[in-house]
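Here's the structure we're looking at; comments come further down.
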Amino acid sequence: MATPIPVQILDGGMGTTLEDMHDITFSFETPLWSSHLLVSGEEDKLSDCHEAFKQAGANIISTATYQISINGFAATKAPKSGILDVEREGIDKEEIPRFLSRAVVLAANAAGTEGKVALSLGPYGATMIPSTEYSGRYDPEHQDVQALEKWHKERLDLFKDVDPKQVNYIAFETVPRLDEIVAIRNLLSADHIPTCLRGRPVWISSPYPNDNGKLPDGSTVEEVVKAVLTHREGLETPWGIGINCTKVEKLDFLVKQYEDAIQTYIKNGEQMAWPSLVLYPDGTNGEVYNTATKTWELSPGHKQPEAPWETVLANVVEAARQRGKWKSIVVGGCCKASPEHIRRLRRTLQDYGHMSTSPAA
């Protein structure tokens, strides 16, 4: 009998949970999104959010760093707080690392000794105003691999002071463009990763907001799989490949496409091995995010789902486990996925009777 594929539970949507459950309001004036709480003196709400996901059953906690950027800190108006001695009109690059180290500490405190921490890194588009990770439309200065590689390298360098004992995974999330995936792969070497983060398992996940089964830039699943997983001399191959910020009902079809692509590449002699699968869809009920108004709106022709979110997601996970291809599975939620979503997801997975939550790395 084959060894069961281990499953770990990731947390949910931090930004939307802070808005919906912790009375936080984000706008164009808070370009750091959830990271803004690191500079506004509201760390307690971040801690409460992390803790709520941990109590709901998540054993991987994501850091509040998804939308951080040098420009975002420079554009942030920060009041005098516990970590700032005076009110600031913008935060200099040299000051940023201490905030990021603090973000990791808060996530690690919630994860505890048995949990794990994923360093959350969004795409370049997540730092634009309005954000463009759902469209992949970037400004003229970030339209090729070289420019995107430089940007990601500069941001990675900001994490140079992080405690290496407190980061277990590096998560490049919601990457909407093939050239950006290639840029991230180019950085996965000892020369580019800060010393404190070297050797950490990396996953790269992408969104599928459209109905054509392609990335926002039009790239196919086959192209994504090849860019993420093909062995490249001198570069680390990501530990995991994933899908996030995507409607849950699309996952079954997409996961099968990923499996078919990997199997075909391996059969054809490509230097590729089965990775871990990371799935964290939106916790929405037909709503679509409007990047201009920063609100969630029901899409035209919305229909009620046939089954609860957690049931659909658990069924995708269980089907993937039964097919037996993946090294391990990480599953959680993205935007609008609350601690209650994660609690129901864990309970549903446990109802299968043989879910393993042992470490997947």
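Read the figures in this text as sums done on the coordinates, not as results from a lab. Bear in mind that the values here come from a model prediction, so they are computed numbers and not experimental data. Quick reminder, even Gly has a Cβ in these numbers, built from the backbone with ideal geometry, and neighbours come from all protein chains shown.
At-a-glance table
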item: Gain upon complete extension [residue 71, residue 163; 0.36 nm per residue less C-alpha separation]; result: 30.7 nm
item: Principal axes of the chain: Cα extent on each, largest first, Å; result: 61, 45, 43
item: 4 °C / 1.567 mPa s Stokes-Einstein diffusion coefficient of the range 147-222, Kirkwood radius on C-alpha pairs, µm²/s; result: 96 µm²/s
item: For the range 27-134, the Rg and Dmax computed from alpha carbons only, in angstrom; result: 13.8, 39
item: Residue of 339, 308, 209 that the Gaussian network model of the chain assigns the largest fluctuation, springs spanning Cα pairs under 10 Å; result: 308
item: Span-rule helices in the chain, defined as complete DSSP H runs reaching 15 Å or more along the axis (Cα) with Kyte mean at least 1.0; result: 96-111
item: Semi-axes of the equivalent ellipsoid for the range 84-211, Cα gyration tensor, largest first, Å; result: 25, 19, 15
item: Euclidean distance between Cα centres, the range 44-76 to the range 223-261, Å; result: 25 Å
item: Relative contact order [Cα under 8 Å, 6+ residues apart], the chain, whole percent; result: 21 percent
item: Estimated vicinal HN-Hα couplings, Hz - the range 168-173 in sequence order (Karplus 6.51, -1.76, 1.60; Gly, Pro = x); result: 9, 9, 10, 10, 8, 10
item: Which listed pairs, of 77/160; 93/214; 54/250; 77/226, have C-alpha distances above 31 Å, in listed order; result: 93/214; 77/226
item: Residue 189-residue 141 pseudo-label distance in nm [points 7 Å out on the Cα-to-Cβ vector]; result: 2.6 nm
item: Residue-by-residue Karplus 3J(HN,Hα) for the range 275-281, coefficients 6.51, -1.76, 1.60, Hz, glycine and proline x; result: x, 7, 9, 10, 10, 8, x
item: Spin-label proximity, residue 263 to the range 225-241 - amide N less than 17 Å from point 7 Å beyond Cα toward beta carbon; result: 225-226
item: Point-to-point label distance, residue 198-residue 256, nm (Cα→Cβ direction, 7 Å offset); result: 4.4 nm
item: Given 116/325; 150/256; 116/247, the pairs whose alpha carbons are separated by over 29 Å; result: 150/256
item: Rough spin-label spacing in nm, given labels placed 7 Å along Cα→Cβ, for residue 214 and residue 20; result: 3.1 nm
item: Straight-distance crosslink candidates among aspartates and glutamates, where the alpha carbon sits under 13 Å from residue 327 and sequence neighbours closer than 8 are dropped; result: 259
item: Antiparallel bridges, percent of DSSP beta bridges restricted to the chain (to nearest 5); result: 20 percent
